[in-house]
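Remarks on the structure that follows.
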Amino acid sequence: MFQVAALVKSLTNPLGLYIHIPFCAKKCNYCDFYSAVYNKDTLSAYLDALKGEIKKWGGTIHRPIDTVYIGGGTPSLLGEEILSLVDCINTNFTVLPDAEITVESNPSSSGEFLSFAKAAGVNRLSIGVQSGCDKTLKILGRTHTAADAVNTVQNAQELGFNNISVDLMIALPHSNLQTLKGDIDFMLSLNPEHISAYILKVEQNTVFSKKYDTLGLPDDDAAAEQYLYMCEALAKNGYNHYEVSNFSREGYESRHNMKYWECRDYLGIGPAAHSCLDGKRFYYPRDLQGFVKEPKTISDGAGGDHAEQLMLGLRLSKGVNLDEIYGEMPQNIKKKITLLEKAGYIKVNLPHISLTNSGMLISNSIITELLEDEDI
(Lines give C-alpha, C1' and ligand atoms only; values in the text may rest on other atoms or scores of the structure.)
Protein backbone atom coordinates (compact mmCIF):
# COMPACT_ATOMS: atom_id res chain seq x y z
CA MET A 1 0.00 0.00 0.00
CA PHE A 2 2.83 2.38 0.91
CA GLN A 3 4.55 1.74 -2.43
CA VAL A 4 1.34 2.49 -4.33
CA ALA A 5 0.83 5.74 -2.39
CA ALA A 6 4.42 6.78 -3.04
CA LEU A 7 4.01 6.05 -6.75
CA VAL A 8 0.81 8.10 -6.96
CA LYS A 9 2.52 11.02 -5.19
CA SER A 10 5.49 10.90 -7.56
CA LEU A 11 3.30 10.89 -10.65
CA THR A 12 1.15 13.79 -9.47
CA ASN A 13 4.00 15.94 -8.15
CA PRO A 14 6.26 16.70 -11.13
CA LEU A 15 9.62 18.41 -10.83
CA GLY A 16 11.18 21.40 -12.48
CA LEU A 17 14.64 20.79 -13.94
CA TYR A 18 17.24 23.54 -14.26
CA ILE A 19 20.41 22.97 -16.32
CA HIS A 20 23.25 25.50 -16.05
CA ILE A 21 25.50 26.28 -19.00
CA PRO A 22 28.31 28.35 -17.41
CA PHE A 23 29.93 29.83 -20.51
CA CYS A 24 29.97 33.33 -21.98
CA ALA A 25 31.84 34.77 -24.92
CA LYS A 26 32.26 37.94 -22.83
CA LYS A 27 31.29 38.95 -19.31
CA CYS A 28 28.82 41.84 -19.20
CA ASN A 29 29.79 44.88 -17.14
CA TYR A 30 26.96 44.40 -14.61
CA CYS A 31 26.93 40.60 -14.33
CA ASP A 32 27.90 38.65 -11.20
CA PHE A 33 26.37 35.29 -12.28
CA TYR A 34 28.76 32.35 -12.31
CA SER A 35 30.27 31.87 -15.75
CA ALA A 36 33.51 30.89 -17.46
CA VAL A 37 35.22 31.80 -20.71
CA TYR A 38 33.91 29.71 -23.60
CA ASN A 39 36.02 27.38 -25.69
CA LYS A 40 35.01 24.19 -27.51
CA ASP A 41 37.25 21.79 -25.57
CA THR A 42 36.05 23.02 -22.18
CA LEU A 43 32.43 22.90 -23.34
CA SER A 44 32.87 19.31 -24.53
CA ALA A 45 34.35 18.18 -21.21
CA TYR A 46 31.62 20.00 -19.34
CA LEU A 47 28.83 18.42 -21.36
CA ASP A 48 30.23 14.96 -20.66
CA ALA A 49 30.12 15.64 -16.92
CA LEU A 50 26.72 17.30 -17.17
CA LYS A 51 25.19 14.36 -19.01
CA GLY A 52 26.68 12.02 -16.42
CA GLU A 53 24.90 13.94 -13.66
CA ILE A 54 21.65 13.99 -15.63
CA LYS A 55 21.87 10.20 -15.97
CA LYS A 56 22.67 9.80 -12.27
CA TRP A 57 19.74 11.93 -11.10
CA GLY A 58 17.39 10.38 -13.65
CA GLY A 59 18.12 6.97 -12.17
CA THR A 60 17.56 8.25 -8.63
CA ILE A 61 14.48 10.46 -8.88
CA HIS A 62 11.43 8.73 -10.28
CA ARG A 63 9.25 11.76 -10.78
CA PRO A 64 8.14 13.28 -14.06
CA ILE A 65 9.46 16.61 -15.30
CA ASP A 66 6.99 19.32 -16.36
CA THR A 67 9.41 22.24 -16.79
CA VAL A 68 12.97 22.37 -18.09
CA TYR A 69 15.00 25.57 -17.98
CA ILE A 70 18.43 25.70 -19.63
CA GLY A 71 20.09 28.87 -18.39
CA GLY A 72 23.50 30.42 -17.99
CA GLY A 73 25.83 31.87 -18.93
CA THR A 74 24.93 31.77 -22.59
CA PRO A 75 23.22 28.47 -23.52
CA SER A 76 23.02 29.53 -27.18
CA LEU A 77 26.78 28.84 -27.30
CA LEU A 78 25.79 25.15 -27.27
CA GLY A 79 25.01 25.31 -30.98
CA GLU A 80 24.07 21.87 -32.31
CA GLU A 81 24.86 20.32 -28.89
CA ILE A 82 21.44 21.50 -27.69
CA LEU A 83 20.06 18.45 -29.54
CA SER A 84 22.13 15.90 -27.60
CA LEU A 85 21.57 17.71 -24.29
CA VAL A 86 17.78 17.70 -24.56
CA ASP A 87 17.90 14.11 -25.83
CA CYS A 88 19.90 13.14 -22.72
CA ILE A 89 17.22 14.77 -20.51
CA ASN A 90 14.43 12.95 -22.36
CA THR A 91 16.29 9.64 -22.15
CA ASN A 92 16.89 9.78 -18.42
CA PHE A 93 13.76 11.56 -17.15
CA THR A 94 10.08 11.24 -17.95
CA VAL A 95 9.44 14.63 -19.53
CA LEU A 96 5.69 15.22 -19.77
CA PRO A 97 4.25 15.88 -23.25
CA ASP A 98 3.08 19.38 -22.29
CA ALA A 99 6.31 20.32 -20.50
CA GLU A 100 7.57 23.89 -20.78
CA ILE A 101 11.14 23.73 -22.14
CA THR A 102 12.97 27.06 -21.99
CA VAL A 103 16.39 28.00 -23.31
CA GLU A 104 18.09 31.34 -22.71
CA SER A 105 19.42 32.85 -25.91
CA ASN A 106 21.68 35.75 -26.75
CA PRO A 107 20.13 38.35 -29.10
CA SER A 108 23.00 37.78 -31.51
CA SER A 109 22.22 34.04 -31.73
CA SER A 110 22.33 32.62 -35.22
CA GLY A 111 19.21 31.36 -36.88
CA GLU A 112 21.00 28.01 -36.97
CA PHE A 113 20.97 27.69 -33.17
CA LEU A 114 17.30 28.61 -33.03
CA SER A 115 16.59 25.90 -35.61
CA PHE A 116 18.50 23.36 -33.51
CA ALA A 117 16.59 24.44 -30.39
CA LYS A 118 13.26 24.07 -32.20
CA ALA A 119 14.24 20.62 -33.46
CA ALA A 120 15.26 19.61 -29.92
CA GLY A 121 11.76 20.35 -28.64
CA VAL A 122 12.41 23.71 -27.00
CA ASN A 123 9.11 25.62 -26.87
CA ARG A 124 10.05 28.76 -24.94
CA LEU A 125 12.89 31.23 -25.45
CA SER A 126 14.27 33.81 -23.01
CA ILE A 127 16.20 36.44 -24.94
CA GLY A 128 18.48 38.91 -23.12
CA VAL A 129 17.62 42.07 -25.03
CA GLN A 130 18.03 44.53 -22.07
CA SER A 131 17.68 47.76 -24.11
CA GLY A 132 16.77 49.04 -27.56
CA CYS A 133 19.53 51.66 -27.57
CA ASP A 134 22.90 50.69 -29.05
CA LYS A 135 24.76 53.25 -26.94
CA THR A 136 23.27 51.81 -23.77
CA LEU A 137 24.00 48.24 -24.85
CA LYS A 138 27.63 49.18 -25.34
CA ILE A 139 27.79 50.72 -21.84
CA LEU A 140 26.31 47.50 -20.43
CA GLY A 141 28.99 45.48 -22.21
CA ARG A 142 26.51 43.57 -24.37
CA THR A 143 27.83 42.06 -27.59
CA HIS A 144 24.63 42.59 -29.61
CA THR A 145 22.90 45.58 -31.18
CA ALA A 146 19.24 46.54 -31.22
CA ALA A 147 19.07 45.31 -34.83
CA ASP A 148 20.46 41.94 -33.72
CA ALA A 149 17.67 41.65 -31.15
CA VAL A 150 15.02 42.42 -33.77
CA ASN A 151 16.47 39.84 -36.16
CA THR A 152 16.74 37.15 -33.47
CA VAL A 153 13.17 37.59 -32.26
CA GLN A 154 11.81 37.70 -35.80
CA ASN A 155 13.80 34.56 -36.74
CA ALA A 156 12.41 32.77 -33.68
CA GLN A 157 8.84 33.78 -34.52
CA GLU A 158 9.25 32.65 -38.14
CA LEU A 159 10.51 29.28 -36.87
CA GLY A 160 7.28 28.86 -34.92
CA PHE A 161 8.29 29.90 -31.40
CA ASN A 162 5.15 31.38 -29.88
CA ASN A 163 6.33 31.75 -26.27
CA ILE A 164 9.14 34.29 -26.21
CA SER A 165 10.36 36.27 -23.22
CA VAL A 166 12.63 39.31 -23.49
CA ASP A 167 14.69 40.92 -20.74
CA LEU A 168 14.38 44.65 -20.04
CA MET A 169 16.75 46.45 -17.69
CA ILE A 170 15.72 49.78 -16.14
CA ALA A 171 17.38 52.50 -14.05
CA LEU A 172 20.36 52.34 -16.40
CA PRO A 173 23.27 54.79 -16.59
CA HIS A 174 22.13 58.25 -17.80
CA SER A 175 18.52 57.04 -18.05
CA ASN A 176 15.27 58.88 -17.40
CA LEU A 177 11.58 58.41 -18.19
CA GLN A 178 12.11 59.43 -21.80
CA THR A 179 14.85 56.85 -22.43
CA LEU A 180 12.82 54.25 -20.57
CA LYS A 181 9.81 54.94 -22.76
CA GLY A 182 12.02 54.34 -25.79
CA ASP A 183 13.17 50.99 -24.40
CA ILE A 184 9.61 49.92 -23.52
CA ASP A 185 8.38 50.88 -26.99
CA PHE A 186 11.22 48.83 -28.46
CA MET A 187 10.31 45.76 -26.37
CA LEU A 188 6.64 46.10 -27.33
CA SER A 189 7.59 46.30 -31.02
CA LEU A 190 9.10 42.82 -30.67
CA ASN A 191 5.65 41.49 -29.69
CA PRO A 192 6.88 39.09 -26.97
CA GLU A 193 4.58 36.97 -24.82
CA HIS A 194 6.60 37.71 -21.68
CA ILE A 195 8.85 40.50 -20.37
CA SER A 196 11.28 40.14 -17.46
CA ALA A 197 12.18 43.61 -16.19
CA TYR A 198 14.91 44.34 -13.67
CA ILE A 199 16.19 47.43 -11.91
CA LEU A 200 19.93 47.54 -12.47
CA LYS A 201 21.75 46.68 -9.26
CA VAL A 202 25.50 47.15 -9.15
CA GLU A 203 26.99 44.02 -7.60
CA GLN A 204 30.43 43.64 -6.06
CA ASN A 205 33.30 42.40 -8.21
CA THR A 206 31.73 43.56 -11.47
CA VAL A 207 33.11 46.09 -13.96
CA PHE A 208 30.37 48.53 -12.90
CA SER A 209 31.32 48.24 -9.23
CA LYS A 210 34.81 49.52 -10.02
CA LYS A 211 33.51 52.72 -11.64
CA TYR A 212 30.28 53.20 -9.71
CA ASP A 213 30.75 56.93 -9.12
CA THR A 214 31.09 57.67 -12.84
CA LEU A 215 28.15 55.59 -14.11
CA GLY A 216 25.55 58.36 -13.92
CA LEU A 217 22.91 56.12 -12.34
CA PRO A 218 19.52 57.59 -11.36
CA ASP A 219 19.00 58.01 -7.61
CA ASP A 220 16.58 55.81 -5.66
CA ASP A 221 13.60 58.12 -6.20
CA ALA A 222 14.20 58.32 -9.94
CA ALA A 223 14.66 54.55 -10.15
CA ALA A 224 11.36 54.07 -8.29
CA GLU A 225 9.64 56.46 -10.68
CA GLN A 226 10.93 54.44 -13.63
CA TYR A 227 9.68 51.18 -12.12
CA LEU A 228 6.18 52.51 -11.47
CA TYR A 229 6.04 54.06 -14.94
CA MET A 230 7.06 50.74 -16.47
CA CYS A 231 4.41 48.82 -14.48
CA GLU A 232 1.70 51.15 -15.75
CA ALA A 233 2.94 51.15 -19.35
CA LEU A 234 3.14 47.36 -19.59
CA ALA A 235 -0.27 46.92 -17.95
CA LYS A 236 -1.80 49.27 -20.53
CA ASN A 237 -0.37 47.06 -23.26
CA GLY A 238 -1.84 43.81 -21.95
CA TYR A 239 0.95 42.48 -19.77
CA ASN A 240 -0.06 41.13 -16.37
CA HIS A 241 2.37 42.08 -13.59
CA TYR A 242 2.37 38.64 -11.99
CA GLU A 243 5.69 38.85 -10.12
CA VAL A 244 7.93 41.67 -8.90
CA SER A 245 10.09 41.58 -12.04
CA ASN A 246 7.91 39.68 -14.49
CA PHE A 247 5.07 40.58 -16.84
CA SER A 248 3.19 38.34 -19.25
CA ARG A 249 0.20 38.04 -21.49
CA GLU A 250 -2.48 35.79 -20.02
CA GLY A 251 -1.35 32.18 -19.87
CA TYR A 252 2.31 32.92 -20.58
CA GLU A 253 3.67 33.16 -17.05
CA SER A 254 6.97 31.30 -16.60
CA ARG A 255 5.83 27.91 -15.31
CA HIS A 256 9.36 27.00 -14.30
CA ASN A 257 10.06 30.15 -12.28
CA MET A 258 6.67 29.84 -10.58
CA LYS A 259 8.06 26.71 -8.91
CA TYR A 260 10.68 28.84 -7.16
CA TRP A 261 8.20 31.40 -5.89
CA GLU A 262 5.64 28.81 -4.78
CA CYS A 263 8.25 26.69 -2.95
CA ARG A 264 7.67 23.67 -5.18
CA ASP A 265 10.34 21.07 -5.91
CA TYR A 266 13.03 21.58 -8.54
CA LEU A 267 16.40 20.06 -9.35
CA GLY A 268 19.33 22.16 -10.56
CA ILE A 269 22.36 20.59 -12.24
CA GLY A 270 25.64 22.39 -12.95
CA PRO A 271 28.09 24.61 -11.08
CA ALA A 272 26.23 27.21 -8.95
CA ALA A 273 22.88 25.45 -9.61
CA HIS A 274 20.54 25.16 -6.60
CA SER A 275 17.87 22.57 -5.80
CA CYS A 276 14.96 22.11 -3.43
CA LEU A 277 13.74 18.53 -3.08
CA ASP A 278 11.48 17.07 -0.40
CA GLY A 279 12.08 19.99 1.95
CA LYS A 280 15.88 19.97 1.54
CA ARG A 281 18.00 22.54 -0.26
CA PHE A 282 21.41 21.84 -1.79
CA TYR A 283 23.67 23.25 -4.49
CA TYR A 284 26.72 22.61 -6.63
CA PRO A 285 29.78 24.78 -5.82
CA ARG A 286 30.71 27.62 -8.21
CA ASP A 287 33.56 25.54 -9.59
CA LEU A 288 33.57 24.46 -13.23
CA GLN A 289 36.74 22.35 -13.03
CA GLY A 290 35.52 20.70 -9.84
CA PHE A 291 32.24 19.82 -11.52
CA VAL A 292 34.02 18.33 -14.54
CA LYS A 293 36.38 16.33 -12.34
CA GLU A 294 33.96 15.14 -9.64
CA PRO A 295 30.47 16.66 -9.42
CA LYS A 296 29.19 16.99 -5.86
CA THR A 297 26.49 18.90 -4.01
CA ILE A 298 26.54 20.77 -0.71
CA SER A 299 23.64 20.77 1.73
CA ASP A 300 21.96 24.15 2.22
CA GLY A 301 19.54 23.30 5.02
CA ALA A 302 15.78 22.96 5.00
CA GLY A 303 13.50 24.62 2.47
CA GLY A 304 9.91 25.77 2.47
CA ASP A 305 9.58 27.02 6.05
CA HIS A 306 7.18 29.83 7.07
CA ALA A 307 9.70 32.59 6.40
CA GLU A 308 10.57 31.25 2.95
CA GLN A 309 6.93 30.80 1.93
CA LEU A 310 6.20 34.39 2.95
CA MET A 311 9.33 35.82 1.35
CA LEU A 312 8.88 34.08 -2.01
CA GLY A 313 5.08 34.16 -2.11
CA LEU A 314 4.92 37.91 -1.62
CA ARG A 315 6.94 38.37 -4.80
CA LEU A 316 3.83 37.24 -6.67
CA SER A 317 1.03 39.70 -7.38
CA LYS A 318 -1.50 37.14 -6.10
CA GLY A 319 0.24 37.30 -2.72
CA VAL A 320 -0.09 34.76 0.07
CA ASN A 321 -2.71 33.25 2.35
CA LEU A 322 -1.34 33.74 5.86
CA ASP A 323 -3.56 31.03 7.35
CA GLU A 324 -2.18 28.50 4.87
CA ILE A 325 1.37 29.44 5.87
CA TYR A 326 0.95 29.72 9.63
CA GLY A 327 -2.24 27.86 10.49
CA GLU A 328 -3.10 30.73 12.81
CA MET A 329 -1.80 34.16 11.93
CA PRO A 330 0.79 35.55 14.40
CA GLN A 331 -0.47 38.67 16.20
CA ASN A 332 2.65 40.69 15.44
CA ILE A 333 2.15 40.15 11.70
CA LYS A 334 -1.52 41.16 11.97
CA LYS A 335 -0.51 44.47 13.55
CA LYS A 336 2.18 45.19 10.98
CA ILE A 337 0.03 44.55 7.93
CA THR A 338 -2.47 47.13 9.16
CA LEU A 339 0.27 49.78 9.17
CA LEU A 340 1.63 48.64 5.81
CA GLU A 341 -1.84 48.81 4.28
CA LYS A 342 -2.31 52.38 5.48
CA ALA A 343 1.04 53.28 3.91
CA GLY A 344 -0.13 51.91 0.55
CA TYR A 345 2.37 49.06 0.37
CA ILE A 346 0.07 46.06 0.68
CA LYS A 347 -3.49 45.05 -0.16
CA VAL A 348 -5.30 43.20 2.63
CA ASN A 349 -8.24 40.81 2.46
CA LEU A 350 -7.45 38.62 5.45
CA PRO A 351 -6.12 36.03 5.59
CA HIS A 352 -4.84 37.05 2.13
CA ILE A 353 -2.27 39.82 1.58
CA SER A 354 -0.38 41.00 -1.50
CA LEU A 355 2.01 43.80 -2.39
CA THR A 356 1.04 46.88 -4.37
CA ASN A 357 3.41 48.10 -7.10
CA SER A 358 4.87 50.53 -4.54
CA GLY A 359 5.26 47.65 -2.12
CA MET A 360 7.06 45.55 -4.71
CA LEU A 361 9.66 48.31 -4.96
CA ILE A 362 10.63 47.76 -1.33
CA SER A 363 9.59 44.13 -0.99
CA ASN A 364 12.77 43.10 0.83
CA SER A 365 12.22 45.73 3.53
CA ILE A 366 8.56 44.79 3.93
CA ILE A 367 9.32 41.08 4.23
CA THR A 368 12.09 41.78 6.75
CA GLU A 369 9.65 43.85 8.79
CA LEU A 370 6.97 41.14 8.73
CA LEU A 371 9.41 38.43 9.75
CA GLU A 372 11.09 40.38 12.55
CA ASP A 373 10.39 38.88 15.99
CA GLU A 374 7.96 36.28 14.68
CA ASP A 375 5.96 34.98 17.61
CA ILE A 376 5.34 31.52 16.25
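The values are calculated or read from the model by the stated rules, or taken from the named source; none is laboratory data. All values derive from a computational prediction rather than experimental measurement. Every residue, glycine among them, receives a Cβ derived from its backbone with ideal geometry; neighbour counts consider all protein chains shown. Calculation scope for accessible area: heavy atoms of the full protein, side chains included, ligands and nucleic acids excluded. Shrake-Rupley method; radii C 1.70, N 1.55, O 1.52, S 1.80 Å.
Remarks
- Count Lys and Arg as plus one, Asp and Glu as minus one, and take only other residues whose Cβ is under 14 Å from that of Ser248; the net charge is then -2.
- Scattering from region 222-376 was approximated by placing one identical point on each alpha carbon and applying the Debye formula without solvent; log10 I(q)/I(0) at 0.11 1/Å stands at -0.54.
- Antiparallel DSSP beta bridges within region 112-263, as percent of all bridges there, nearest 5: 40 percent
- Computed P(r) (all Cα pairs; the chain; 10 Å bins; percent): 5, 21, 31, 28, 13, 2, 0
- Mean residue ellipticity, 222 nm, helices only, the chain: the sum of -39500 (n - 2.57) across DSSP H runs of n ≥ 4, divided by residue count and rounded to 500, is -12500 deg cm²/dmol.
- Measuring with a 1.4 angstrom probe and ignoring ligands and nucleic acids, Ser354 comes out at about 10 Å² accessible.
- About its Cα centre, the dipole of the chain is roughly 500 debye, where the only charges are +1 on Lys and Arg Cβ and -1 on Asp and Glu Cβ.
- Here r is the Cβ-Cβ distance between Thr368 and Glu232 and R0 is 30 Å; the resulting FRET efficiency, rounded to 0.05, is 0.65.
- Database note for the chain: Cys without another Cys beta carbon under 4.7 angstrom, Cys24, Cys88, Cys133, Cys231, Cys263, Cys276.
- Per-pair calculated FRET efficiency, R0 = 51 Å: Leu339 and Ser115 via Cβ, rounded to 0.05: 0.40
- Projecting the Cα atoms of Tyr227, Met169, Gly121 onto the dipole axis of the chain, where Lys and Arg carry +1 and Asp and Glu carry -1 at the beta carbon, places Gly121 farthest toward the positive end.
- A simple charge model with +1 on the Cβ of Lys and Arg, -1 on the Cβ of Asp and Glu and nothing else charged puts the dipole of region 226-359 at about 280 debye relative to its Cα centre.
- For the chain, the share of DSSP beta bridges that are antiparallel, to the nearest 5, is 40%.
- Relative contact order for region 1-126, counting Cα pairs under 8 Å that sit 6 or more residues apart, in percent: 28 percent
- Candidates per chymotrypsin sites (Phe, Trp or Tyr not before Pro) in region 218-312, loop by DSSP, up to 15 other Cβ within 10 Å: none
- Translational diffusion coefficient of region 1-142 (Stokes-Einstein, Kirkwood radius from Cα pairs, 20 °C, 1.002 mPa s): 130 µm²/s.
- Computed over the chain: relative contact order in percent, which uses C-alpha pairs under 8 Å that are six or more apart: 15 percent
- Between Gln154, Ser254, Asn39, the Cα set farthest toward the positive side of the dipole of the chain (charges on each charged residue's Cβ, about the Cα centre) is that of Asn39.
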